[in-house]
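Read through the structure below, which is laid out as structure tokens, and then see the notes.
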Amino acid sequence: MAEPVTALNGARFEGIATIEDAGPTGMITLRGDLASKEVKAAVKKAVGLDIPGQRAALGGKETAALWMSPDELLLMCPYDKVAETIATLDAALEGQHFLAVNVSDARSFLRISGGGAREVLAKLCPVDLSPDAFAPGMFRRTRMAQVPAAFWLDEGGTFHLVCFRSVGEYAFNLLKTAALSGGEVGVYG
Amino acid sequence: MLILTCPCCGVTAEETEFHQGGEAHLTRHGPGASEEEFHTYLFAKENPKGVHFERWRHNNGCGKWFHAARDTVTLEVYGTYSAQTLEPPQVIRDAITAKRPGWRWREFA
């Protein structure tokens, strides 16, 4: 079988923040009634996580559950576990009105880490990224320059960002430019 | 610049995260509608100076449609509310009345 390749193919840049391709990652769109006990049980069984609250992200070991909209989650798992995870969801939700589909190759997944990470994103997105307003565990879908993107912050201060694969290179170049050394604004101390 | 709050995901963001979707509360008459009704649906739009009701979509966010009541002169936003309604809720009407007593928009007041 052919090896999966991401649009960014492992690209990495170090400036005031480190921008790196997170590599092939399993992503599953799950639509359904997020308040139902069936969906809750299915997500628990598939990725071992609860249903995240409104605009929240839950991360586990190699998995994540992200709140995309009132009826949609994005589930993450290792790339080679996607088929297995979808099968678990399908079995657990049989008879329910739901959709679980593999979108692993539809999106680019990046990591933004380092001291300037908040500032780099704040330059590109109309979001208040001050530590008081944007805390670990929050998930935000927004606009990054000219494209839609979504990101969350983990406990270690690293941002994880997803955007469409077709604009992956554009997104990387945007972040790279915003993270160039000498571009510090220092607005977040 | 408008600051809108999406009633579906609760985000308050500036207008570039959203997309405007035309006038709110239009009635599309069913099969067998008269030419006059279809003409009204397509072309007879409000162009007010003041209170206005619009449809918006949170296209860079949760992707859902909603309604917004705003003022075309001052650009203040009186409120946003669910897309699943045929008329502005009372709380929105009251918010407008508090600032623009005697307002009228189509059949709403």
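The values are calculated or read from the model by the stated rules, or taken from the named source; none is laboratory data. Everything numeric in this text was worked out from a predicted model, so none of it was measured. Positions of Cβ are generated from backbone atoms using ideal geometry, with glycine treated the same way; all protein chains shown enter the neighbour counts.
So in segment B:23-67, with the set limited to residues that are among the small types (Gly, Ala, Ser) and more than 14 Å from every other protein chain (Cβ to nearest Cβ), which one is surrounded by the most Cβ atoms within 10 Å (Cβ to Cβ)? Among them, the one singled out is B:24. Considering only segment A:36-54, I want to know if a residue exists there that is buried (at least 17 other Cβ atoms within 10 Å of the Cβ), under 30 Å from residue A:116 (Cβ atoms) and not hydrophobic (A, V, I, L, M, F, W, C). Checked segment A:36-54: at least one residue is buried (at least 17 other Cβ atoms within 10 Å of the Cβ), under 30 Å from residue A:116 (Cβ atoms) and not hydrophobic (A, V, I, L, M, F, W, C).
Within segment A:90-103, is there a residue that is of a type outside the set (Val, Ile, Thr) and under 23 Å from residue A:155 (Cα atoms)? Checked segment A:90-103: no residue is of a type outside the set (Val, Ile, Thr) and under 23 Å from residue A:155 (Cα atoms). Taking residue A:143, is it within 14 Å of another protein chain (Cβ to nearest Cβ) and either under 18 Å from residue A:169 (Cα atoms) or surrounded by fewer than 16 Cβ atoms within 10 Å (Cβ to Cβ) (or both)? Criteria met by residue A:143. Looking only at residues of segment A:23-70 that are part of a loop (DSSP other than H, G, I, E, B) and touching a residue at least 60 places away in the same chain (Cβ under 8 Å), we find that the one that is farthest from residue A:164 (Cα to Cα) is A:36.
For (1) farther than 30 Å from residue A:162 by Cβ; (2) touching a residue at least 40 places away in the same chain (Cβ under 8 Å), each residue gets a yes or a no:
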site	(1), (2)
B:7	no, yes
B:14	no, no
B:26	yes, no
B:29	yes, no
B:35	yes, no
B:39	yes, no
B:43	yes, no
B:59	no, yes
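Among the residues making up segment A:148-178, those that are among the small types (Gly, Ala, Ser) and modelled with pLDDT under 95 are A:156, A:157.
Can you tell which of A:145, A:117 is closer than 27 Å to residue B:57 by Cβ and either acidic (Asp, Glu) or at pLDDT 95 or above (or both)?
Step by step, each of A:145, A:117 is checked, and only A:145 is closer than 27 Å to residue B:57 by Cβ and either acidic (Asp, Glu) or at pLDDT 95 or above (or both).
Are any residues in segment A:159-168 within 14 Å of chain B (Cβ to nearest Cβ) and in contact with a helix residue (DSSP H, G or I) (Cβ under 6 Å, 6 or more places away or on another chain), and if so, which ones? Before you say what the answer is, go through the steps one by one.
Filtering segment A:159-168 down to residues within 14 Å of chain B (Cβ to nearest Cβ) leaves A:161-164, A:167.
Across segment A:159-168, the qualifying residue is only A:163.
Within segment A:119-136, residues that are without any contact (Cβ under 8 Å) to a residue 60 or more places away in the chain and within 14 Å of another protein chain (Cβ to nearest Cβ) sit with their Cβ atoms under 9 Å from residues that are exposed (fewer than 12 other Cβ atoms within 10 Å of the Cβ) and aliphatic (A, V, I, L, M), at 6+ positions apart or across chains, in these pairs: A:127/A:133. Would segment A:5-27 turn up any residue that is under 17 Å from the mean Cα position of the chain (by Cα), surrounded by fewer than 20 Cβ atoms within 10 Å (Cβ to Cβ) and within 14 Å of chain B (Cβ to nearest Cβ)? No, segment A:5-27 has no match at all. Residues that are loosely packed, with under 15 Cβ neighbours inside 10 Å and farther than 12 Å from residue B:7 by Cβ within segment B:77-86 comprise just one, B:86. If you check B:29, B:19, B:67, B:58 for being closer than 23 Å to residue B:102 by Cα and not β-branched (Val, Ile, Thr), only one passes: B:67.
One line per residue, one yes/no per condition, for (1) surrounded by fewer than 16 Cβ atoms within 10 Å (Cβ to Cβ); (2) within 14 Å of chain B (Cβ to nearest Cβ):
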{"position": "A:117", "(1), (2)": "no, no"}
{"position": "A:139", "(1), (2)": "no, yes"}
{"position": "A:150", "(1), (2)": "no, yes"}
{"position": "A:157", "(1), (2)": "yes, no"}
{"position": "A:170", "(1), (2)": "no, no"}
{"position": "A:178", "(1), (2)": "no, no"}
{"position": "A:186", "(1), (2)": "yes, no"}
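Per this entry, residue B:19 is not counted among residues that are more than 14 Å from every other protein chain (Cβ to nearest Cβ) and either at pLDDT 95 or above or in contact with a Phe, Trp or Tyr (Cβ under 7 Å, 6 or more places away or on another chain) (or both).
Within the set B:4, B:75, the sole residue that is more than 14 Å from chain A (Cβ to nearest Cβ) and either part of a loop (DSSP other than H, G, I, E, B) or closer than 22 Å to residue A:141 by Cβ (or both) turns out to be B:75.
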